[in-house]
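Trainee: What follows is a structure written as structure tokens; I'll ask about it next.
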Amino acid sequence: MNRRVRLTRNCALIAVFALGCLAGSTSARAASGGESAVAIPAQARSKPKGKCPPSSDLEAGLGEASALMSQAQFQEAAAELRPVASNDCDPRASLLFAAALEGHGNVPEATAVLQRAHTIWPSDDSIAASLAREYLNANQIDKAVGALTRFHATAKTPEQEMRMAIVVYMAGHRLASAQTVAEVAWRAYPSAETLLLLANTLQLQGRYPDVIRLLGNRRATYGDSAKFLVTLAESEFDASSFKTARDDLQHAISLDSRMYQAHYLLGNVLAKLNDADGAISEYQTAIDLAPNQPRTYFQLALVLRAKQDVAGEQRVLEQALTADNSYAPAQCEMGRILLEGHRPADAVAHLNIAIQANPRSEEAYFLLARAYAQLGEKDKSNEMVKRLLAVKKENQPKQGGKDQNHTPGGVSTNP
């Protein structure tokens, strides 16, 4: 999900959610029992009144804890909030308590607090978004998506909560859900950022004509934003409008010369326009800006292949695998080179890694079948042919969407 929203492991986002509640969001209404309040389960409502402080004391305590957190006094804030949060008195207290714990470095307990709060107040969007964020940071994508089961975005939902939900849905490939929330966010909080989030959800679905229409209609407003231009150029690339994409990317680079994505995409565009030297130059600039991106080395390798520079291509592929040994396209291409160099045993090793990293790679199965055939291992070759046919059938409904290595232009998923 690119597009590129940066995920950071600090307590700021949870704190923002909680402070939004203090300002009168859904959680605050739930605590006050207003007509728009979230229904609190019976086990929470039936607690003895003596366990929770009076409303005025609760508000004062939350304010004091917030003040302590703003001064980075997380341990003191956690001590202030622990009794109220432990008694499930108010969802805002649990949010702030989790934020204070995380700020103090106790992520496991912060997650546990949010899990408990989510059980007590399952319809509280702030808690759901905060818990989803914790799961996402721990790379527990399914749990992150699960935390949002009852998440319901409206025009009154805080923008940061919708942003987090969009990122989680995209990470979990729930693209329709991501698009639904992104549309609400764009209408409620119109800005370049929310517009690009919506565009990104469409791009991941392969709906580049819709992206071009969506962004093209707003070029006059956001046309001097490098991220806007890069996102638009990506869909122009998908639509084979290479010259228009080139112009937009060059404009983006004039606005931000150190934007990796712009140089990388311009390399792709120039390669399509048969400007090999220009593409090589852009890829090299992109590598200087982000040396750990294996896809840049891979695309550079393909340009060198087109120039029949086999040694150069192999050298660059080795750099791609140094950056990420599990990058399937580079492993697959290395296997092809070794196979054509009559080194089938070496090719098998690379192709098996490619399949392990991407079990749906048709090319890897095809090449592996050839490699085993060259080695005289007919049974293994036949087995790879069977797998290839099965994968082709599996992949067929997915045609037209983005592949797993595709990274949209407007968002960065790099840690």
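The values are calculated or read from the model by the stated rules, or taken from the named source; none is laboratory data. The model shown is predicted, which means the values in this text are computed figures rather than measured ones. Note: ideal-geometry Cβ built from the backbone for every residue, glycine included; neighbour counts use all protein chains shown.
Trainee: Would you check if T201 is under 18 Å from Y222 (Cβ atoms) and under 13 Å from the mean Cα position of the chain (by Cα)?
Mentor: Yes: the conditions hold for T201.
Trainee: Report yes if A330 is buried (at least 17 other Cβ atoms within 10 Å of the Cβ) and aliphatic (A, V, I, L, M), otherwise no.
Mentor: In short, yes.
Trainee: Of these, L136, L68, L81, L58, which one is assigned to a helix (DSSP H, G or I), surrounded by 23 or more Cβ atoms within 10 Å (Cβ to Cβ) and assigned by TED's automatic domain parsing to the domain that holds A176?
Mentor: Details: L136 fails: surrounded by 23 or more Cβ atoms within 10 Å (Cβ to Cβ); L68 fails: surrounded by 23 or more Cβ atoms within 10 Å (Cβ to Cβ); L58 fails: surrounded by 23 or more Cβ atoms within 10 Å (Cβ to Cβ).
Unique residue meeting the criteria: L81.
Trainee: Still on this model: Out of A371, A345, A349, A311, which single residue is touching a Leu at 6+ places or on another chain (Cβ under 7 Å) and surrounded by fewer than 16 Cβ atoms within 10 Å (Cβ to Cβ)?
Mentor: Step by step, each of A371, A345, A349, A311 is checked, and only A345 is touching a Leu at 6+ places or on another chain (Cβ under 7 Å) and surrounded by fewer than 16 Cβ atoms within 10 Å (Cβ to Cβ).
Trainee: Would you check if there is a residue in region 294-308 being assigned to a loop (DSSP other than H, G, I, E, B), out of contact with any Pro (no Cβ under 9 Å at 6 or more places or on another chain), closer than 15 Å to A262 by Cβ and not charged (D, E, K, R)?
Mentor: Looking for residues that are assigned to a loop (DSSP other than H, G, I, E, B), out of contact with any Pro (no Cβ under 9 Å at 6 or more places or on another chain), closer than 15 Å to A262 by Cβ and not charged (D, E, K, R), one finds none in region 294-308, hence no.
Trainee: Can P329 be described as under 24 Å from the mean Cα position of the chain (by Cα), under 27 Å from A364 (Cα atoms) and not in a helix (DSSP H, G or I)? Don't jump to the end; show me each part of the working.
Mentor: Working: under 24 Å from the mean Cα position of the chain (by Cα): yes; under 27 Å from A364 (Cα atoms): yes; not in a helix (DSSP H, G or I): no.
In short, no.
Trainee: To continue, here is another question. Just for helices (runs of 4 or more DSSP H) wholly inside region 176-263: which have at least 3 residues that are assigned by TED's automatic domain parsing to the domain that holds L148, in contact (Cβ under 8 Å) with a residue 24 or more places away in the chain and buried (at least 16 other Cβ atoms within 10 Å of the Cβ)?
Mentor: Per the criteria, 192-204.
Trainee: What number of residues in region 310-341 are over 25 Å from A276 (Cα atoms) and free of Cβ contacts under 8 Å to residues at least 24 places away in the same chain?
Mentor: Within region 310-341, residues that are over 25 Å from A276 (Cα atoms) and free of Cβ contacts under 8 Å to residues at least 24 places away in the same chain number 0.
Trainee: Of the residues that sit in region 264-301 and are surrounded by 16 or more Cβ atoms within 10 Å (Cβ to Cβ) and of a type in the set (D, E, K, R), which one is nearest to L229 (Cα to Cα)?
Mentor: Looking at residues that are surrounded by 16 or more Cβ atoms within 10 Å (Cβ to Cβ) and of a type in the set (D, E, K, R), I get E282.
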